[in-house]
Amino acid sequence: MDLKDIEQDLAGVLHTEEELHARLEELAREIERDYEGRSILLVGVLRGAVMVMADLSRALRRDVEMDWMAVSSYGSGTTSSGVVRILKDLDTDLTDRDVLIVEDIIDSGLTLSWLQANLRSRGAASVEICTMLRKPDALKVEVDVRYCGFDIPNDFVIGYGLDYAERYRNLRGVAVLAPHVYASADD
Ligand SMILES: O=P(O)(O)OC[C@H]1O[C@H](OP(=O)(O)OP(=O)(O)O)[C@H](O)[C@@H]1O
Ligand SMILES: Nc1nc2[nH]cnc2c(=O)[nH]1
Ligand SMILES: [Mg+2]
C-alpha cells in the first residue's frame with residue numbers, strides 16, 4: 001500500500017511533523033533547565049515511543065543515556081486490557097538515577113501509572129514522564145506527567161510511532177484513524 005492509499009484510512013491529521021518537532025524543541029529546553037547539573041537516563045517505552053525518543057534525544061543539547069523497556073497492555077485492538085506485561089526489561093541499574101520515561105501517548109494512563117511505580121520501586125532518585133500526547137478525557141487513573149507535548153481528543157490516533165495492528169507507525173504526523181478501518185477488521 002502506498003501513501004495515497006494510506007490517506008484513505010485517516011479521518012484527519014491532528015499534528016503535523018513540523019508541529020511535533022517544534023513542540024519537542026520547547027520541551028527539550030525545559031528539560032535542559034530542569035536537569036542542569038544532573039545526568040539523565042531516558043527510558044523509552046517500546047515500541048510506540050521510538051520516534052519521540054529519536055527526536056527528543058536529538059533535540060536535547062546535552063549528554064543523555066538511553067535504555068528501553070517493552071511493556072504491552074493493548075494486544076492488536078484499540079482498547080487497553082488494563083493488564084501490563086513486561087516484554088523486555090531495562091539493562092540499566094536505576095539506583096540513584098534520574099529517570100525520564102519517554103512515551104508516545106497516555107490514554108487510560110494504566111501503562112504509565114504502572115510503569116512509573118515500577119521504576120520508582122527500583123531505587124531511582126527521580127522518575128518523571130515525558131509524553132508526546134495525552135488524552136485527558138480517557139484517563140482512568142491519575143498519572144503524574146512532568147512534560148506533555150499535546151492534549152488531544154479521545155479518538156484512536158496513529159502515526160509518529162503509534163500503530164493500529166502494527167501498521168501506520170511510520171507516518172510522520174499524528175492522525176485520527178478512520179472508523180471504517182477498524183469496522184472492516186471486525187468483519
Ligand atoms: O495509557 P494507556 O491506555 O495505558 O495507553 C498507552 C500505551 O498504549 C500504547 O502502547 P501499546 O501497549 O499499544 O504497545 P506499543 O507501544 O508497542 O504500540 C502506547 O504506546 C502507550 O504505551
Ligand atoms: N495507536 C494508538 N495506540 C494507543 N494506545 C493507547 N491509545 C492509543 C491510540 O489512540 N492510538
Ligand atoms: Mg506503547
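Using the structure shown, decide if residue 47 is over 13 Å from the mean Cα position of the chain (by Cα) and more than 14 Å from residue 147 (Cα to Cα). Considered against the rule, which asks whether it is over 13 Å from the mean Cα position of the chain (by Cα) and more than 14 Å from residue 147 (Cα to Cα), residue 47 comes out as no.
Residues in the range 115-125: is at least one within 18 Å of residue 48 (Cα to Cα) and out of contact with any Leu (no Cβ under 6 Å at 6 or more places or on another chain)? Yes, that holds for at least one residue. Candidates 90, 20, 41, 14: the one that is over 30 Å from residue 183 (Cβ atoms) and surrounded by 19 or more Cβ atoms within 10 Å (Cβ to Cβ) is 41. In the set 59, 54, 125, 117, only one residue is touching a strand residue (DSSP E or B) at 6+ places or on another chain (Cβ under 6 Å) and small (Gly, Ala, Ser); that residue is 125. Per the listing 158, 129, the residue uniquely under 28 Å from residue 32 (Cα atoms) and within 13 Å of ligand 1 (Cβ to nearest atom) is 129. Of a type in the set (A, V, I, L, M, F, W, C), within 12 Å of ligand 2 (Cβ to nearest atom) and farther than 15 Å from residue 51 by Cβ: does that describe residue 105? No. Could you pull out every one of the strands (runs of 3 or more DSSP E) wholly within the range 120-187 that has 1 or more residues that are surrounded by fewer than 20 Cβ atoms within 10 Å (Cβ to Cβ) and in contact with a Phe, Trp or Tyr (Cβ under 9 Å, 6 or more places away or on another chain)? In the range 120-187, 126-134, 174-177 are the strands (runs of 3 or more DSSP E) which contain 1 or more residues that are surrounded by fewer than 20 Cβ atoms within 10 Å (Cβ to Cβ) and in contact with a Phe, Trp or Tyr (Cβ under 9 Å, 6 or more places away or on another chain).
Values in this text are rule-based calculations from the coordinates and carry no lab data. Small disclaimer: the values here were computed from a predicted structure and weren't measured. Please note: Cβ atoms are built from the backbone with ideal geometry, for glycine as well, and neighbour counts cover all protein chains shown.
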